[in-house]
Amino acid sequence: MAANDKGSILQFAPFQSLVDEGFWHRLSSLKLNELGIDDSPIPITGFFAPCAHSQVSNHLTLLSESLASEVSSESSAPLTTKGNRNRCSVPGILYNTNTVESFHALDKLSLLKSEAKKIWEDILSGKAIEDSSVLARFLLISFADLKKWNFHYWFAFPALVLNPPATVVELKPASHWFNLEEAESVSSSFAQWRSSNLTSDTPFFLVNIDSSSQASIKHLRDFEACKNNGEKLLFGFYDPCHLPNNPGWPLRNFLALIYSRWNLKSVNFLCYRENRGFADLTLSLVGKALIDDTQGFRDQQCMPNVVGWELNRGKKCHKSINLAKSMDPTRLAISAADLNLRLMRWRALPSLNINILSSLKCLLLGAGTLGCQVARMLMAWGIRKITLVDSGRVAMSNPLRQSLYTMEDCLNGGEFKAEAAVKSLNRIFPAMEAEGVVISIPMPGHPVSDNEAASMLDDCRRLDDLINSHDAVFLLTDTRESRWLPTLLCANTNKVTITAALGFDSFLVMRHGAGPSGSCHDSTSQTNIANLSLNATNTKQRLGCYFCNDVVAPIDSTANRTLDQQCTVTRPGLAPIASAIAVELLVGILHHPEGIYAECELSNSGASEQPLGILPHQIRGSLSQFSQMTLVGRSSNTCTACSSLVVSEYRNRGMDFILQAINHPTYLEDLTGLTELMKSTSSFQLDWDNYTDGSGDDDDDGCIEI
């Protein structure tokens, strides 16, 4: 069996490359911002790991960190983290050309030989023994068309050629080569080797098995101490290949090192492969390589022949990839921004409807402290279409509390808040479809002269058009009366409406119920303050709006007020809390099967919870108590904003009705019956002194604290 003794020619499975999109993005940034037309070679770092699947080989991978952030620095090699068992770092070189013609004209043979010479010199100098990763050195040539986002590239993995080629005998699974005791010891030794930060990413090593079948993994520099002790010695390497009859490409230069440094002609080698992070001796291979006297290896002045250009589908040609859809910075920003939402769908919230969020049009009335925070929260939820309405300008006191503004927005009298906020949103996220509208919201209690009436009515019509063209409306203004007209218009068009209002240390966030014409649960009610309760018992009556529990019409709340009463003086932490809750409430409505018609759900109501939790009507919080409670308030037929009577009057009379409501303080109260209600309540007189409960006790068990 002489032929079998010599074995068959040892054939190696070629290395395969994989380039992450982040690498091309980093290269593009360097090219645009730093390199310019400089086409000097750039040090890069590649990563590979042992094969971890019986059907799939691992690749040599380039990631964004494969390139240094600044190639002009003294040490331009990428900074890589040592000790990562899943990423063995190997050095490489990148030649990125300025034109596609230069790319095709590169002398590929000379470049390949140049990199192979580095490997050969590292073998001769002994550097490859101290740092074995240089044996897997690689080369990449590329051309980046940054106008069309086309990338042409070609990898080479230089390998020194043994001539005549090595032969292999007894190539078999490692589990067949080791006895049971040896196999257990080898597996245990590899577990320690792979778990140590000092050795886990060392791709070439020695496997020593003593006479008592105990294995140890050693560095290549320990070869001299191991070679004459009569123990089994294998030359091991992390094999990225999964094939059962072929070792991976890194073995080629490993054999060249073994032969040239130690003149070994018979080499037992171990192709180390894994399964779920542990040594898989069934997948791993052990074989014996036989090396004849090789031409060129004896003459150290003469470098051996070299091969190594990667094949593209069996052909010697470069690869190309077009990343126009993902490399555009705006599209990259969209992809990155939506990552958190998409990861939610994996496990935490599979029912999350990203399409509803991305297509939703939100109108924010007020671009102050609440408006800025709500806009940021909407962006985080993937909402891209936001319109901000405000007539104010950015003041010097605003940027500290209103997160979309800077001191530059305050100069020269201040920029309009609505416009400055849109610029800020687009800086934060270029894909925003944001619009700023500068109009004043007409308010009851703020009468206008005949000369101002036409302009005021134009603002009314503009506001009505805005509400009609959006899907959800946030009422974030800082006065009660400024919320009246938007509330009426939203009730008329049956829009999803969220109100957020701040006190000094308390807040209210609520969703308005469906309008009287859009709700199938509408019924008349004589209640007002009593509508506010802790239990949602009446399921037939629609939910109320911001004004449903008021017994007076909105009036001018800023007249005859001191400065601290005119400004929104509030604890700084309150607005972010209220804004976040307001946006979360909107997302809850969008994902509820009944949407705007959803009944109020309280924590103690026993209602079946949706994936995002309960859907309350009102949330009232107190920072002084660090407390929060959910309430429900029913609609009232005396409401000055959403009652059937008011909405009907608006539909019949249009702008004439608005003008009368604004110029005549008592008109809304007279229309809805609040005037008569207040007259009737004034006739009640209670003699508290004569009231007793007959018990004679001073306890207050009958009181309800809200």
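Expressed as a whole percent, the accessible surface of the chain that belongs to carbon and sulfur atoms is 50, based on a 1.4 Å probe. By the rule of a C-alpha distance below 18 Å, with chain neighbours fewer than 8 residues away ignored, the lysines paired with Lys495 are Lys361, Lys385. The Kirkwood radius of the chain, taken over pairs of alpha-carbon atoms, gives through the Stokes-Einstein law at 25 °C and 0.890 mPa s a diffusion coefficient of 77 µm² s⁻¹. Residues whose amide H comes within less than 5 Å of that of Ile44, counting only those at least five positions distant or on another chain, are Gly92, Ile93, Leu94 (H built at 1.01 Å from N in the peptide plane). Our coupling estimate for region 307-321, obtained by passing each phi through the Karplus curve with A = 6.51, B = -1.76, C = 1.60 and θ = phi - 60°, is 10, x, 5, 5, 8, 10, 6, x, 10, 7, 7, 7, 9, 9, 8 Hz, Gly and Pro reported as x.
Amide H to amide H distances under 5 Å link Asn305 with Val161, where only residues 5 or more positions off or on other chains count and H is placed in the peptide plane.
Taking GluC sites (Glu not before Pro) in DSSP loop states with no more than 12 other Cβ atoms inside 10 Å as exposed sites, the chain has its longest site-free stretch at 75-593. Comparing region 38-183 with the 2.2 N^0.38 Å rule of thumb, its C-alpha radius of gyration ratio is 1.27 (two decimals). Once the Cα-Cα distance is subtracted from the 0.36 nm per residue extended length, the Met407 to His53 segment shows a gain of 121.7 nm. Relative to the Cα centre, the charge distribution of the chain, modelled as +1 at Lys and Arg Cβ and -1 at Asp and Glu Cβ, gives a dipole magnitude of about 3540 debye.
Placing unit charges on the Cβ atoms only, positive for Lys and Arg and negative for Asp and Glu, gives region 417-495 a dipole magnitude near 300 debye about its Cα centre. Putting +1 on Lys and Arg Cβ atoms and -1 on Asp and Glu Cβ atoms, find which of Ser40, Ser17, Ser64 reaches farthest to the positive end of the dipole of region 17-73. With unit charges placed on the Cβ atoms, the residue in question is Ser17.
Segment Cys226..Ala454, full-extension length gain: 72.2 nm, with 0.36 nm per residue of separation and the alpha-carbon distance subtracted.
Measuring against 29 Å, Cα to Cα, the residue pairs Lys218/Lys319; Lys172/Lys316; Lys148/Lys417; Lys31/Lys319; Lys172/Lys319; Lys108/Lys325 contain Lys218/Lys319; Lys172/Lys316; Lys148/Lys417; Lys172/Lys319; Lys108/Lys325 as the ones spanning a longer distance.
Within the same chain, lysines fewer than 8 places from Lys265 are excluded, and of the rest, those with a Cα less than 19 Å from its Cα are Lys6, Lys227, Lys232, Lys288. Stokes-Einstein diffusion of region 114-197 at 20 °C, 1.002 mPa s viscosity, Kirkwood radius from Cα pairs, rounded to a whole number: 124 µm²/s.
For Lys127, the lysines whose Cα falls under 16 Å of its own Cα, not counting residues fewer than eight places away in the same chain, are Lys117, Lys118. Label separation (Leu109 vs Asn33): 4.1 nm, computed from points 7 Å beyond Cα along the C-beta direction.
Evaluating 6.51 cos²θ - 1.76 cosθ + 1.60 at θ = phi - 60° for every residue in region 10-25, the Karplus couplings come out as 6, 10, 10, 6, x, 5, 10, 9, 8, 10, 6, 4, x, 5, 5, 5 Hz, glycine and proline recorded as x. I'd like the distance between the alpha-carbon centres of region 253-300 and region 440-491, rounded to an integer number of Å. Taking the Cα centre of each part, region 253-300 and region 440-491 sit 81 Å apart.
Put simply, the amide H of Arg393, placed in the peptide plane, has neighbours under 5 Å in Lys417, leaving out anything fewer than 5 places away on its chain. With θ taken as phi - 60° and the Karplus curve 6.51 cos²θ - 1.76 cosθ + 1.60 applied, the whole-hertz 3J(HN,Hα) list for region 657-665 is 5, 4, 4, 5, 5, 7, 8, 10, x Hz, x standing for glycine and proline. Met443 exposes around 40 Å² of accessible area when a 1.4 Å probe is run over every protein chain in place. Simple spin-label estimate for Met396 and Lys148 gives 5.6 nm between the two label positions (7 Å along the Cα-to-Cβ direction from each Cα). Between the listed residues Gln618, Met456, Ile428, the Cα displaced farthest toward the positive end of the dipole of the chain, a dipole computed from Cβ unit charges relative to the Cα centre, is found at Ile428. Counting only protein heavy atoms and a 1.4 Å probe, the chain has 48 square angstrom of accessible area per residue. Using only side-chain charges placed at the Cβ, +1 for Lys and Arg and -1 for Asp and Glu, the dipole size of region 155-220 relative to its Cα centre rounds to 220 debye.
The values are calculated or read from the model by the stated rules, or taken from the named source; none is laboratory data. If you're wondering where the values come from, they're calculated on a predicted model, not measured in any experiment. Don't worry about glycine lacking a Cβ; one is built from the backbone with ideal geometry, like all the others, and counts go over all protein chains shown. Calculation scope for accessible area: heavy atoms of the full protein, side chains included, ligands and nucleic acids excluded. Shrake-Rupley method; radii C 1.70, N 1.55, O 1.52, S 1.80 Å.
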